[in-house]
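Worksheet: one structure, shown below.
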Amino acid sequence: MNPKLMSIFLGFLAGLLFIRTLPNKKPFEITEFLLELILHPVQFFLAMLFFFISFLANAYLLKKSFEETYLFLKKGGVKWHELLLSYTVVFIFYLLFLQSFWYTISLLLFSIIYSLLSLEFKIKNEVDLKKLNRKL
């Protein structure tokens, strides 16, 4: 199975399960939220497991979309349907925003930070290789 399709499916499903397993009461009160987590530790563990799976899958899609956009604009070596498949992560976050705003914001921030940290290493190595080639 295509890794992107698997990430789309896992990212959305785990994100939805993450939102559904945590208490989502309006208005949000931190004391009630923490009390729910303490009284239901299995529910908390499952929510964190779903959060972890979802943010890794979405971070993979974000990283691929950044890399493929760069390659598409620079060299044109990426097919447009592969690029479009990577950008489905935007639609995933839109659907998750409809469920719960604040939980999705936390998921989005973790995914962006993780994908940019893993992306930054490749860009730095590419710049270092270009400098090395110029010296030779």
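Here, each number is a calculation from the coordinates, and none is a lab measurement. Small disclaimer: the values here were computed from a predicted structure and weren't measured. Backbone-built Cβ (ideal geometry, glycine too); neighbour counts: all protein chains shown.
The sum of -39500 (n - 2.57) across all DSSP H runs of n ≥ 4, divided by the residue count of the chain, sets its helix-only mean residue ellipticity at 222 nm to -29500 deg cm²/dmol. Approximating the spin labels as points 7 Å out from Cα along Cα→Cβ, the residue 13-to-residue 98 distance works out to 2.0 nm. Calculate the FRET efficiency for residue 118 and residue 38 from the Cβ-Cβ distance with a Förster distance of 41 Å, rounded to the nearest 0.05. It comes to 0.75. When the GluC sites (Glu not before Pro) in the stretch 1-88 are filtered for DSSP coil states and for at most 11 other beta-carbon atoms within 10 Å of their beta-carbon, the remaining sites are 29. 3J(HN,Hα) along the stretch 42-57, derived from phi through the Karplus expression 6.51 cos²θ - 1.76 cosθ + 1.60 where θ = phi - 60°, amounts to 5, 4, 5, 4, 5, 4, 5, 5, 5, 4, 4, 4, 5, 5, 5, 5 Hz, with x in place of Gly and Pro. On a per residue basis, the convex hull of the C-alpha atoms belonging to the stretch 3-135 measures out at 121 Å³. Scalar couplings 3J(HN,Hα) for the stretch 78-83, obtained by applying the Karplus form with A = 6.51, B = -1.76, C = 1.60 to θ = phi - 60°, are 10, 6, 5, 6, 5, 5 Hz; x denotes Gly and Pro.
Between helix 88-99 and the chain there is an angle of about 20 degrees, using the helix long axis and the longest principal axis of the Cα atoms.
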